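The values are calculated or read from the model by the stated rules, or taken from the named source; none is laboratory data. None of these values were measured; they are calculated from a predicted model. Every residue, glycine as well, gets a Cβ built from its backbone with ideal geometry; the counts of neighbours run over all protein chains shown.
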Amino acid sequence: MSTLLPRLRSGIAGLDEILGGGFVEGASYIIQGQPGAGKTIFANQIAFSNIVEGRKVLYITLLAETHDRLFQSLSTFDFFDRSRLGRDISYMSVFQTLRDEGLSAVVQLLRKETQRHKATLLVFDGLLNARDRVQSDLDVKTFVAEVQSQAAFVGCTVLFLTSARVTEDSPEHTMVDGVIELHDELAGVRSVRRLQVKKSRGSAALGGFHQFEILSTGISTFPRLEAIAGSSQEGPVDLTRMESGVEGLDRLLGGGLPASSVTLLFGPSGSGKTSLGINFLAKAIETERALHFGFYETPDRLYAKARALGFDLQAMKASGTLEIMWQPLTENLLDKLAHSLLECVRTKNIKRLFIDGLGGFERAAVHRPRLVEFFAALTNELRSLGVTTVATWELRDMFGPTVAAPGPEISSVVDNLIMLRHVELESRTKRVMSVLKVRDGEFEPVIHEVSIGNQGLKVALPLQPVAGAATGIAQPLEN
């Protein structure tokens with residue numbers, strides 16, 4: 001029978017999930033990373049989060065000067081509370097003790113101060129400096145072991161901060177219970193912060209890199225979606241159908257969109273993808289709330305476009321049946337986008353979701369080879385939440401001799417495929433729609449014309465028999 005270890009919560013969004021429940025109480029951890037990676041902010045956010053819960057914190061530094069500069073920097077963050085200094089969290093420099101008396105005196109001082117302050121969290125900021133004072137690996141082990149033993153005796157969790165990269169065979173690495181490494185690196189022309197749990201004794205931590213950001217609220221981490229979504233199990237297959245909101249489309253789909261399915265609309269710019277999505281959103285009701293998650297249309301532009309189609313999305317937003325999340329195409333974080341989307345779906349009980357531009361996720365990916373696994377995890381999570389999703393994918397060519405599948409293997413993780421295209425026929429351009437795939441259901445495979453007017457997008461008559469309509473370059477059939 002497995003035993004659940006008591007945990008100390010970090011207070012950093014997403015971190016406890018990465019750590020498998022938080023820091024183990026009484027354990028010791030190394031937080032390492034190059035200067036500027038965020039170690040001091042990381043440790044202080046954990047410290048202030050724990051004093052809110054009634055714990056006492058002792059923060060040890062090796063600064064030769066006072067802590068005023070440190071407090072000045074921390075004051076820019078929401079978690080910092082100057083009124084708690086000296087009462088619930090105590091900052092102490094052991095620089096002079098280390099310089100004059102050595103490591104053994106530092107250990108004795110830590111033992112005394114930890115007991116005096118009744119600290120349940122000890123932060124030692126400057127393990128690199130202390131390491132420079134030893135003559136052998138045995139001295140390092142002895143120092144770390146003594147700090148650990150006296151902290152564990154009183155149930156105190158220890159965080160050692162260092163700018164040195166602790167290798168797996170270093171004495172520090174072998175002694176502590178966990179190692180967390182913070183990275184701040186360049187990916188092309190942008191800077192990306194990533195976190196990795198390199199060691200986790202007694203915990204099933206999530207491996208690999210996880211993105212994080214530093215804002216005025218502090219640090220937020222975003223567990224890699226495909227690493228956490230495996231626990232979501234889809235329920236029994238829902239055989240009901242949901243109205244698409246597009247006149248004539250439900251008939252082509254065999255009765256409507258399969259509930260809890262993912263439909264991909266792909267086609268070139270101007271083919272009607274967003275208009276179809278607006279039709280879909282407009283069918284939302286109180287028990288089937290909708291969400292527009294987009295990268296291109298601002299809310300005001302979306303409202304204006306919907307009004308031109310005969311829909312009042314602004315009134316739906318005011319009534320609570322519609323949520324709008326606009327994500328500008330700037331320096332987005334892939335997992336942050338996914339977590340924000342799923343959080344809104346859960347908290348707002350969303351049942352209709354329109355993602356206008358899966359390419360926005362692709363643009364946010366630092367490591368693009370993971371996109372197939374990412375989209376598989378995202379779509380599985382949406383299905384398990386009972387969400388019927390319509391998403392769009394932009395085709396580059398408006399006309400061309402071939403039609404390429406949208407993205408590398410992306411079409412294989414969706415349930416339904418609908419292609420929208422422009423077709424040139426008799427010196428006129430027509431918009432057409434083709435249903436290519438419907439999950440576990442029959443559908444009408446005939447290409448149909450579509451029209452866009454003041455009542456939204458509609459499916460019109462079947463396109464007259466021609467050759468090459470799917471490519472956008474139609475040719476009359478030979479007699």
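Looking at the range 31-150, none of the helices (runs of 4 or more DSSP H) lying wholly inside it contains 1 or more residues that are within 31 Å of the chain's Cα centre (by Cα), surrounded by 19 or more Cβ atoms within 10 Å (Cβ to Cβ) and without any contact (Cβ under 8 Å) to a residue 12 or more places away in the chain.
Hey, can you tell me all the residues within the range 291-320 that are assigned to a loop (DSSP other than H, G, I, E, B) and either assigned by TED's automatic domain parsing to the domain that holds residue 185 or over 30 Å from residue 226 (Cα atoms) (or both)?
Narrowing the range 291-320 to residues assigned to a loop (DSSP other than H, G, I, E, B): 295-298, 309-312, 320.
Passing the criteria: 309, 310, 311, 312, 320.
Of all the residues in the range 261-290, those that are crowded, with 23+ Cβ neighbours inside 10 Å and touching an Asp or Glu at 6+ places or on another chain (Cβ under 9 Å) number 12. Considering the range 321-348, the residues that are modelled with pLDDT under 95 and out of contact with any helix residue (DSSP H, G or I) (no Cβ under 9 Å at 6 or more places or on another chain) include one that is surrounded by the most Cβ atoms within 10 Å (Cβ to Cβ), namely 328.
If you go through the range 151-174 and keep only what is surrounded by 14 or more Cβ atoms within 10 Å (Cβ to Cβ), modelled with pLDDT under 75 and either in contact with a strand residue (DSSP E or B) (Cβ under 9 Å, 6 or more places away or on another chain) or not hydroxyl-bearing (Ser, Thr, Tyr) (or both), you end up with 164, 166, 171, 172, 173.
Scanning the range 298-311 for residues that are free of Cβ contacts under 8 Å to residues at least 40 places away in the same chain and surrounded by 13 or more Cβ atoms within 10 Å (Cβ to Cβ) yields a count of 7.
For residue 191, the criteria (1) closer than 25 Å to residue 394 by Cα; (2) of a type in the set (S, T, N, Q); (3) out of contact with any Phe, Trp or Tyr (no Cβ under 7 Å at 6 or more places or on another chain) hold in every case but one, which is (1). Screening the range 195-274 for strands (runs of 3 or more DSSP E) wholly inside it with 1 or more residues that are touching a residue at least 12 places away in the same chain (Cβ under 8 Å) and of a type in the set (D, E, K, R) returns the ranges 209-215.
Would you confirm, using the coordinates I've provided, whether residue 361 is crowded, with 18+ Cβ neighbours inside 10 Å and either of a type in the set (Lys, Arg) or over 24 Å from residue 221 (Cα atoms) (or both)? Don't jump to the end; show me each part of the working.
Numbers: crowded, with 18+ Cβ neighbours inside 10 Å: yes; either of a type in the set (Lys, Arg) or over 24 Å from residue 221 (Cα atoms) (or both): no.
Judged against the criteria, residue 361 is not a match.
Within the range 405-464, the set of residues being surrounded by 20 or more Cβ atoms within 10 Å (Cβ to Cβ) and at positive phi comprises 456 only. On the basis of being in contact with a helix residue (DSSP H, G or I) (Cβ under 6 Å, 6 or more places away or on another chain), within 22 Å of residue 273 (Cβ to Cβ) and assigned to a helix (DSSP H, G or I), does residue 375 make the cut? Yes; evaluated as a whole, the condition is true for this residue.
Quick one: would you say residue 318 is over 28 Å from the mean Cα position of the chain (by Cα) and at pLDDT 95 or above?
no
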